[in-house]
Every structure is written in C-alpha cells, then in structure tokens.
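The values are calculated or read from the model by the stated rules, or taken from the named source; none is laboratory data. Everything numeric in this text was worked out from a predicted model, so none of it was measured. Backbone-built Cβ (ideal geometry, glycine too); neighbour counts: all protein chains shown.
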Amino acid sequence: MVGRSLGPVVAVAILSAACGATGTTARDVPEWSEPAAYEYALESSCGERNLIGSFLITVVDGEVADVVAGDERADVVVGEPELRAAVPTLAELLDEARAAEASGADVVSVDTNGEGDGRPGLIEIDHDTDTTDDEACYLITAYEDLTGSPTEPASTQPRSSGELPQLPPRDSWPVVVGDPPPCDDDGACADEILIGDVVYGRGCTRVRDEFVTDEALTDGRDAVHVIDGVDPLALVAQRGPAQSCDEFEETPDGLAWHMAFGPAELPESVVCRVGDLTERQVRANGC
C-alpha cells in the first residue's frame with residue numbers, strides 16, 4: 001500500500017447532522033464506469049452499523065484488494081476478517097443506494113461533487129425518517145484512478161498488431177536518440193523517446209537489472225537497452241536519472257533502468273515478470 005494519509009476527512013458530527021436531515025431526496029442513482037484499479041478514502045458514519053470509521057481502500061478488478069484503517073473504529077473492522085470482507089468498492093456503495101431506492105427508502109441522496117462521470121462524493125441513505133439509527137452516510141475523498149499508473153504505456157502511438165514503425169537495423173545500433181514529434185499535450189509527451197521512426201513513452205517503472213541485456217539501441221548516460229526475451233518494439237529499458245521518478249529509491253550513481261513502452265502489443269505478464277514493482281504497481285497490474 002502506498003504510504004499516503006487519508007487526506008482531509010469531514011468530521012463525523014458534521015456528516016451525521018447531514019444524515020439526520022430529511023432534505024431533498026435524490027432519486028435515479030447515477031451510473032458510474034468503474035476503472036480496473038483505483039483507490040479512495042471512505043468516511044463511513046451514521047446509524048448503528050458495523051462499517052463505521054475512516055478507511056483507505058484499493059480496488060482491483062471490482063474487488064477490494066487492500067484496506068488501511070484511518071482511525072480506531074476502522075481498526076476494529078480491518079482486524080475482523082468477516083467485517084473486513086464487507087468493506088465496499090465504490091460500485092458496491094452505488095449498488096447499496098440503488099437497493100435502498102428500490103425498497104422505497106425515504107432518503108437516497110448521491111452527490112457527485114460536479115464529477116461528470118457519475119462518481120460519487122457523498123452518499124446518504126435514510127430508510128425511514130421516523131426510525132433512529134437506520135441511516136448510512138458515506139463521504140468519498142482522495143480518489144485516484146490507478147489504471148493511469150506509471151506501469152501504463154505513455155506513448156501516443158497506437159499499440160496494435162497492425163503495421164508498425166520499425167527500428168533501424170540491428171547492425172546499425174547503437175543509434176542517436178532523435179527529437180520526439182510535436183505534441184499538443186505537454187503532460188502526455190514530456191517523456192517520449194524517438195529511436196529511428198519509433199516513439200517510446202518513458203515510464204517510471206523499474207526494470208530489474210538481471211533482465212537488461214548488453215544489446216544497446218542507444219548508448220551514453222541515457223542509454224536504451226533490449227530487455228531479455230521481450231520484443232524491443234513493445235518494451236525497452238532506458239537508463240536515466242532516478243530522481244525523475246518517485247516510485248523507487250535513489251541509486252548510488254543517480255541512474256536506474258526504467259521501462260519505455262513502444263507501439264507493439266505488450267503481453268500483460270511481461271511487466272510482472274521483468275519489473276521491479278512497488279506494492280501498488282503489483283496490485284494495479286494484477287501480478
């Protein structure tokens with residue numbers, strides 16, 4: 001689990017006051033497309049329920065992959081296997097709201113905080129406003145889509161099995177790195193590498209040293225080498241300053257091997273096999 005705090009969380013007293021109110025009841029719970037991997041902070045309060053407390057939750061392939069307690073109440077939940085198994089994904093929270101709506105709950109309110117994709121920021125449920133302690137309130141903060149992690153290819157080229165640009169002939173290696181083509185999105189193209197006609201998107205994921213061969217596409221301080229058993233059009237290793245990425249520790253000489261993603265199709269298992277992955281990257285890639 002990444003070492004990050006839960007971020008700002010609304011006090012339970014404030015949130016409980018919102019749950020006790022019988023204000024505008026929102027119907028038609030919004031649809032939300034759940035990413036393959038994401039992380040969010042949950043403050044669960046209101047009512048007499050087991051799921052009470054502050055949690056940092058990681059979801060992979062629709063299932064909770066990791067839970068970190070943010071307070072003593074959450075410690076109790078995380079420490080009990082049956083209670084921990086009930087910690088929800090965001091999709092399950094929306095399903096709970098839909099079920100309450102279908103059962104005729106007096107209050108079902110979903111606030112998306114202006115998010116156009118339907119992702120919830122606050123969910124309030126009160127099954128019967130005349131009954132005490134049957135409410136549920138969920139405050140969602142610190143959301144992060146992990147499918148955009150450094151293990152994902154950054155190249156703007158299509159990754160397909162169709163006609164692909166080719167690297168210079170091997171007998172001409174090492175070659176000089178060229179200037180990347182113009183790009184309108186500085187954030188997406190800042191770390192591109194041009195070798196011959198092939199654009200690589202440089203990531204922050206480490207390549208284990210034992211998988212880096214002596215076969216160099218380019219040489220020098222920022223050399224690019226072939227990875228053992230991997231198509232160089234799909235993935236190569238680039239040696240560069242470790243401080244440019246915060247996913248791993250500094251190396252003695254200030255350099256480290258990173259993955260650089262090319263346009264060819266990359267089998268999912270390759271990243272798991274050759275990568276020196278953080279715990280978060282392992283979860284995001286299903287390793």
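In the set Gly116, Gly121, only one residue is out of contact with any helix residue (DSSP H, G or I) (no Cβ under 7 Å at 6 or more places or on another chain), within 23 Å of Glu63 (Cα to Cα) and either modelled with pLDDT under 95 or not assigned by TED's automatic domain parsing to the domain that holds Ser54 (or both); that residue is Gly121. Checked against the criterion of being at pLDDT 90 or above, crowded, with 17+ Cβ neighbours inside 10 Å and among the polar types (S, T, N, Q), the stretch 17-37 contains not a single residue that satisfies it.
Residue selection: Asp128 satisfies the criterion of being farther than 29 Å from Val282 by Cβ, touching an Asp or Glu at 6+ places or on another chain (Cβ under 9 Å), exposed (fewer than 13 other Cβ atoms within 10 Å of the Cβ) and at pLDDT 90 or above. Which residue is modelled with the lowest pLDDT, if the candidates are limited to the stretch 71-90 and must be under 25 Å from Arg119 (Cβ atoms) and assigned to a loop (DSSP other than H, G, I, E, B)? It comes out as Asp71. None of Val226, Val207 is within 28 Å of the chain's Cα centre (by Cα) and farther than 16 Å from Pro174 by Cα except Val207.
Summed over the stretch 91-113, residues that are out of contact with any helix residue (DSSP H, G or I) (no Cβ under 7 Å at 6 or more places or on another chain) and either of a type in the set (Phe, Trp, Tyr) or in a strand (DSSP E or B) (or both) total 3. For the stretch 37-63, a tally of residues being β-branched (Val, Ile, Thr) and more than 16 Å from the chain's Cα centre (by Cα) returns 1.
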